[in-house]
Structures are given as C-alpha cells and as structure tokens.
Amino acid sequence: MPYVEDGQMLERSRIRPLSEDRDIDFVITQAGGGRAHEDSDRKDTRNSDYLLGQSIIELKLLEDERLEKPETQAKIGSLFGALQPDRPVVVIDPTIIEFNDRHAYASIMQGPIKGVVRSARGQLKQSRREIGGGATTVLFVINNGFNALTHEELLDHVVRRARNDTDEIDGVVVAGCYLHGDGFDTFALWPIDYVLIREERPFSEFGALRSAWNKLADRHMTEFVRGEHGPAAAKEAQTDIVFEWEGRTFVKPATPIGAKSAFFGARRPRLHHLRFERVKHVALTVPRLSPAEYRRVRAALKDEPLLESLDTWNDHVGEALSYGTPLKPVVPVAVSRGGWEAWKRRNPGSSGLDSLRAAANVRYGVEASRLVHAAKELHSGTVVPQRYIAVVTELIGQDENNDVSRIGVCTGGDVEWIVLNARVPHFGALALAAAHALRLGLTNILWRHDLRYARV
C-alpha cells in the first residue's frame with residue numbers, strides 16, 4: 001500500500017528476498033567453503049548445509065511474519081490488551097511488560113526459533129557424526145521476513161534457545177537484510193553477529209563469513225539500484241504490523257529509521273494524513289439567544305412554539321446540551337438578529353428555525369477554525385495562560401488512523417481530562433478541542449505530540 005501525504009502517492013521500495021541457492025551459496029563460496037554433503041539429496045538422513053574450514057554450518061531462513069498468524073495474534077492480543085485495557089489502539093511494546101509477563105511474551109515470539117533450533121540440532125549432530133567429531137557446529141539464522149523482531153532481539157532469542165535446548169550447537173550466527181524506506185530515501189541494513197556457545201569449539205572462520213556477507217550486501221544492493229530484482233522484488237521496506245483482535249487494533253510499529261530525511265526533514269510522510277479542511281464534523285450546535293436578541297428573533301418567528309418565551313428556548317438549549325458527549329459535544333453559539341438576517345440573505349432557500357440553526361452552525365465553523373489555526377505547540381519555553389485546552393496526541397507508527405489523543409482543561413498546571421484514549425489524529429483532536437473550548441468559553445489551545453511510538 002502506498003503512502004498518502006497531502007494527496008501524493010509515494011511507493012514503498014521493494015527488494016528481492018534472499019535465497020539459499022543464489023545468495024547463501026555465494027556467501028559460503030566467497031568465504032572459502034562449500035556444501036557439506038554433495039550427495040545430500042540422495043541421503044535418507046537429514047544433515048547440514050555447508051562446510052567452512054573446520055566448521056559445519058546449518059542454515060535456517062526465517063521467512064514468515066510471526067504476528068500474521070491468527071493464533072499468535074490471539075496470544076499477543078490477550079497479553080497486551082490486558083496491559084492497556086481502555087485503549088482502542090494497543091501498542092505492542094515489549095518494554096512495558098512486567099517482569100512476570102516477559103517469559104510469556106518471549107515464549108510467544110520464540111515459536112519459530114524453537115523449531116529452528118530443534119531441527120538444526122539433529123542435522124548438525126548427524127553431519128558431525130559423518131564428517132568428524134572435532135568439527136565446530138554453527139547454526140546460521142537469517143531473518144528473511146520476521147520483522148516483528150529487531151536484529152538484536154532475534155539474536156538474543158536464538159542464543160537463549162541454543163543454550164537452553166541443546167548441546168549440539170557450538171556457535172550461533174544471526175544475520176539479515178532490513179530494508180527501510182519513506183518513499184524517497186531507501187536504507188538497507190545488513191547486520192551479522194556471532195555468539196560463541198561452547199568455548200572449547202570456537203567458530204574461527206567467522207571473519208571470512210562476515211567478509212563474504214558484506215560482499216553479498218554490495219552485490220544485492222547494486223542489483224537493486226540497477227532495477228535487476230524485477231518481479232522477484234517481493235520484500236517491502238519495513239511497515240507497521242497491524243491486526244484486529246476482539247474489536248481493538250494492535251500495532252507493532254516498524255523499527256524507526258533513526259535519522260532525519262534529507263527530503264522530508266524530521267517528519268516523514270504517513271498513511272491517511274488528514275488535513276484540517278477534511279476533518280469531519282465533531283460537534284453539534286444550538287443557537288444561544290441573549291434576552292435582547294431573543295426579543296428581536298421572536299418578532300420574526302412568532303409562530304415557532306420553541307420561541308414562545310425565553311425560558312422555553314433556554315429549556316430547549318439545556319436539553320440539547322444534555323445530549324452532548326466528549327467525542328460529540330453540543331456547543332451553544334450566540335446568534336444575533338443581524339447576523340441571522342445576513343446569513344439568510346446569502347441563503348434565501350432556508351427559513352424558520354432551520355435557518356437560525358444553520359446560521360449558528362456557520363458561525364461555529366468560523367470560530368472553531370480560528371481557534372484551531374491559533375493553536376500553539378507546547379514546548380519548553382512556551383508561555384502558557386492560566387487556563388486553556390490541552391491536547392496530547394500519541395503518534396503511533398506509520399498510519400494516522402492509529403493515533404490516540406486526549407483532551408482536557410488545564411488550570412494552573414493541573415489537567416482535568418475531558419477526552420481520554422480517543423482514536424483521533426492531530427487535526428481531528430484540534431477540531432474536537434476547539435469545540436470544547438467554545439463550549440466552555442476558553443480562547444486558547446495548546447498541543448503537543450507524544451513521539452514515543454512515532455515513525456521517524
């Protein structure tokens with residue numbers, strides 16, 4: 001899916017995923033090794049893939065995204081949903097998990113890794129039996145599509161499983177190609193790390209393997225820049241992982257690029273960017289009449305029962321206000337006979353109370369727009385009034401539809417929240433804040449962004 005920013009379409013970069021025969025065979029050959037068993041396709045027993053110096057290497061490519069599995073989504077949803085019970089959008093952030101739940105999270109994410117280690121230990125054992133007991137056994141894991149884990153997280157999981165589940169693995173190598181892009185810039189990271197498991201059996205050929213891996217990175221990216229990946233370029237630049245579970249949205253934000261864009265600056269484009277002009281109606285309005293204006297309007301609308309008396313009209317206004325909610329407030333708007341008549345001259349097709357309500361609605365739009373455009377970002381050094389509407393919007397990942405906002409009245413530094421955990425992006429939140437400001441007679445809106453889970 002392309003990025004949408006102010007109507008412009010920005011395509012995500014795509015690259016060819018790695019393959020064993022075309023890419024990893026190249027790495028092993030460049031490092032000075034080759035296939036461990038040339039006749040492996042004719043053997044009845046399962047054995048390892050490569051031999052490099054005195055080391056036997058079993059390759060495992062992690063192709064599938066763990067969080068795309070329904071059974072995994074249910075487990076993750078249950079775990080993180082309980083930690084954030086009142087939020088419509090739940091961020092999958094392992095750092096917020098309590099100590100007692102960390103094992104549960106690790107167990108969920110390690111499912112494919114357990115299988116990899118279980119399979120590799122038997123293959124490495126068989127190959128060492130055939131090649132010689134003095135050989136070092138190495139599990140070589142390449143992340144080819146498991147984007148829910150960073151390279152560092154994957155390395156930690158693989159090492160833990162190798163140490164806990166078997167004595168047949170002497171060392172672990174974890175590598176991957178991590179593609180990042182924003183529609184203008186494209187970055188590819190090619191980390192490779194080795195961890196010694198059995199001190200008596202070091203993987204002395206790792207330096208040669210790392211050098212060959214870097215040669216593969218150069219070759220692969222050169223092919224990418226030349227456009228040679230063609231239809232095989234099925235691997236997209238990293239995106240948020242998003243799924244729905246039990247009526248809520250769960251988001252694992254993509255790994256941040258971590259540097260400003262030379263083209264976009266500090267804020268890269270996001271999906272479903274919403275301008276203020278495209279914000280849907282966030283409030284209902286009701287005309288408010290002063291005693292003087294009531295008499296003037298009443299003279300023009302003598303047959304309207306709701307205008308029988310000022311008390312009758314004020315009761316109507318009060319009843320309307322009682323139907324307001326934090327996400328759809330009812331805002332009383334002062335209307336004058338002169339302003340109403342001027343609006344009717346521009347809109348001759350409207351009459352009666354409908355025209356009075358429409359005139360109030362138009363005035364509300366003008367006042368709300370003024371407040372939104374006058375809203376200021378709250379940062380260090382901002383001079384704040386004694387009382388104002390405060391807006392905090394959490395920018396969550398790459399899609400504005402997943403942003404969460406809260407709105408409140410700040411008095412002397414203390415905030416009384418009106419709206420909590422609303423699935424509303426920046427301009428939607430400012431429009432809602434303007435409605436509450438007009439409802440409460442406040443004239444200032446200050447906002448800030450929580451960038452903890454922002455795409456930067």
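The values are calculated or read from the model by the stated rules, or taken from the named source; none is laboratory data. Small disclaimer: the values here were computed from a predicted structure and weren't measured. As a convention, Cβ positions derive from the backbone with ideal geometry for all residues, glycine included, and neighbour counts pool all protein chains shown. These area figures cover heavy atoms from the full protein model, side chains too; ligands, DNA and RNA do not enter into them. Shrake-Rupley method; radii C 1.70, N 1.55, O 1.52, S 1.80 Å.
Helix 426-440 versus the longest principal axis of the chain: what is the Cα-based angle in degrees, 0 to 90, to the nearest 10? That works out to roughly 30 degrees.
Angle of helix 291-300 to the longest C-alpha principal axis of the chain, folded into 0 to 90 degrees and rounded to 10: 80°. Here the label points at residue 345 and residue 232, each 7 Å from Cα along the C-beta direction, are separated by 7.4 nm in the simple model. Each of residue 221 and residue 417 was given a label point 7 Å from its Cα along the Cα-to-Cβ line. The distance between the two points is 4.3 nm.
Taking trypsin sites (Lys or Arg not before Pro) across the stretch 152-230, the ones in a DSSP loop with at most 14 further Cβ atoms lying within 10 angstrom of their Cβ are 226.
Ranking of 309, 322 by solvent-accessible surface, largest first: 322, 309 (1.4 Å probe, protein heavy atoms only, all chains present).
Report the FRET efficiency, 1/(1 + (r/R0)^6), for residue 443 and residue 214, where r is their Cβ-Cβ distance and R0 is 56 Å, rounded to 0.05. My answer for the efficiency is 0.40. Leaving ligands, DNA and RNA out of it, report the carbon-plus-sulfur percent of the accessible area of the stretch 310-456 at a 1.4 Å probe. Carbon plus sulfur share of accessible area: 52 percent. Ligands, DNA and RNA left out, the 1.4 Å accessible surface of the stretch 161-202 is 42% carbon and sulfur atoms. Rolling a 1.4 angstrom probe over the protein heavy atoms with all chains in place gives the chain an accessible area of 49 Å² per residue.
Note on the chain: the C-alpha convex hull projects to 29.6 nm² when averaged across all orientations.
Note on residue 370/residue 82: beta-carbon distance plugged into 1/(1 + (r/R0)^6) with R0 of 35 Å gives a FRET efficiency of 0.20. Between the alpha-carbon centres of the stretch 45-59 and the stretch 87-137 there is a gap of 20 Å.
Here the stretch 382-451 and the stretch 208-262 have alpha carbon centers that stand 35 Å from each other. Take the Cα of residue 300, step 7 Å toward its Cβ, do the same at residue 178, and the gap between the two points is 6.5 nm. Rounded to the nearest 0.05, the FRET efficiency derived from the C-beta distance between residue 93 and residue 165 at R0 = 30 Å is 0.65.
Taking a straight line from the alpha carbon of residue 260, these aspartates and glutamates sit under 12 Å away, with near neighbours fewer than eight places off in the same chain left out: 182, 185. Solvent-accessible area of the stretch 70-122 (1.4 angstrom probe, protein heavy atoms only): carbon and sulfur portion equals 54 percent. Using only Cα atoms, tell me the angle between helix 310-322 and the longest principal axis of the chain; keep it within 0 to 90° and round to the nearest 10. Once rounded, the angle reads 10 degrees. Bridges between two residues of the chain, per DSSP, are antiparallel at a rate of about 55%.
Once the Cα-Cα distance is subtracted from the 0.36 nm per residue extended length, the residue 325 to residue 64 segment shows a gain of 89.6 nm.
Remark on the stretch 152-266: Rg and Dmax equal 18.3, 53 Å (Cα only).
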